[in-house]
1. How do 141, 300, 261 rank when sorted from fewest to most other Cβ atoms within 10 Å of their own Cβ?
2. Report the gain in length on full extension from residue 209 to residue 310: 0.36 nm times residue separation, minus Cα-Cα distance, nm rounded to one decimal.
3. With a point put 7 Å past each Cα toward its Cβ, work out how far residue 399 is from residue 373 in nm, to one decimal.
4. Could you pull out which residues in the stretch 377-394 have an amide N less than 15 Å from a spot 7 Å beyond the Cα of residue 425, following the Cα-Cβ vector?
5. So, R0 is 30 Å and r is the distance between the beta-carbons of residue 174 and residue 195; what FRET efficiency does that work out to, to 0.05?
6. Mean residue ellipticity at 222 nm from the helices of the chain, using -39,500 (n - 2.57) per DSSP H segment of n ≥ 4 over the full residue count, to the nearest 500 deg cm²/dmol?
7. Going by how many other beta carbons lie within 10 Å of each one, how would you line up 276, 405, 326, fewest first?
8. Between the stretch 417-452 and the stretch 167-240, how far is it from one alpha carbon centroid to the other, in angstrom?
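What follows draws every value from the coordinates through simple rules; no lab data is involved. Quick caveat, the model's predicted, so the values are computed rather than measured. Cβ atoms come from the backbone with ideal geometry, glycine included; neighbour counts cover every protein chain shown.
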Ligand code: NAD
């Protein structure tokens, strides 16, 4: 009998939103072999044909947004407006890839007095994508779109905590793409499969370590997008006006703080700490309402699971400041009261580890040197932000962050750019998504070279044909 995975609604856990079949290792093997067989024909099609298939998929997803957004909200607990935004962003990204693929994936030719050289961008074969639940559609799409455009087949293993909408999106493609479902065991069967030639992983440190080890054992190259503990540093002249504070609050609490690059720890000048707490709590009163993700006016839903709810509650110290309006019942859904924790110990776990929860610390700092040391401490280096009325000063400060992506006067969702590569430094991962760098992750460069000395009709020069040593 095939086991199935039942996904409950985190806002109302008595409601089962849907089920998917769990893929056994044998089922994963069958899917990967099937994808491998399809890949050859797909890669042999002209790039324009493949891109036309992706354009049709973009239109089909766009047409389904109104139906898929509530499904995504019910399985993930994200507010329905954000789900609509995520699906729309996935469509925009797919179209961006269609637009830019020809310049990245085309052959490059040189024919000059050193010889004739062709650089070809070849697909890897079967790509395995292992993805998390917190933005399940876009984080899968960042792998699906370039992998398929480049001529790969792709097998996606979504998180068991949000498999339903991704499954539906995958079914809208007329291309070699398949889903397998389950947890770590299914992921391991996929990543370790002998016919998988590239692995793209997004998730946390522990899962990333396991996946990288499995891939390393087979010498399969990987793209790793891992966790973050983003600092937001407000400089002396940073504005606490309503707009800035509203943006900062939602940068921490969208998706209940469960975003890789949420503003996870806030640093303000010590002398302005009290004024900041006042401005921030007033902003939360304006923009933060916790409740059912499908209800109008709600801006924050539940966390993803009972374990996440317990972890968030354990992280919340006595004296934490409750934020915004709370119209939810933690006994029937995985709701957590969002809080601000003022002036905790700079070394507290809430500050130095990724909390992935709606509990946010704010610390007063004595001077810029100290805050930079605090901000750069730790193993993670995904995102960061600096806030200042002086853009030059902000950029100068930002250059000193150890982070893959630094925002100025915003953080996270209001600051992403398709034209800029995204990915972490230190132990936040390697490889890039978005922009041209994100496209090049899915091809390998192969070269055909006729050195000038050996081209038909050319005499070999005295002293040997090549100045380059071989190795
Ligand atoms: P996770 O690591 O628990 O799971 C991610 C995926 O890996 C899931 O599909 C899971 O089933 C699979 N997986 C887990 N262990 C595995 C194993 N041993 N072998 C094979 N597969 C395995 O992460 P999550 O809880 O779903 O997501 C939250 C984490 O992801 C946070 O740390 C967050 O910061 C990070 N994240 C990073 C980015 C980014 O772009 N850098 C984006 C979103 C989330």
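1. On the way: 141 29, 300 32, 261 26.
Going from least to most buried by this count: 261, 141, 300.
2. Details: separation 101, 0.36 × 101 = 36.36 nm, distance 2.45 nm.
Computed gain between residue 209 and residue 310 is 33.9 nm.
3. Each label point lies 7 Å from its Cα, and together they span 2.3 nm.
4. 377-386, by backbone N distance to the label point.
5. Details: r = 22 Å, r/R0 = 0.74.
That pair, residue 174 with residue 195, gives E of 0.85.
6. Working: 14 runs with 182 residues, N = 471.
The helix contribution divided over the chain gives -12000 deg cm²/dmol.
7. 326, 276, 405
8. 16 Å
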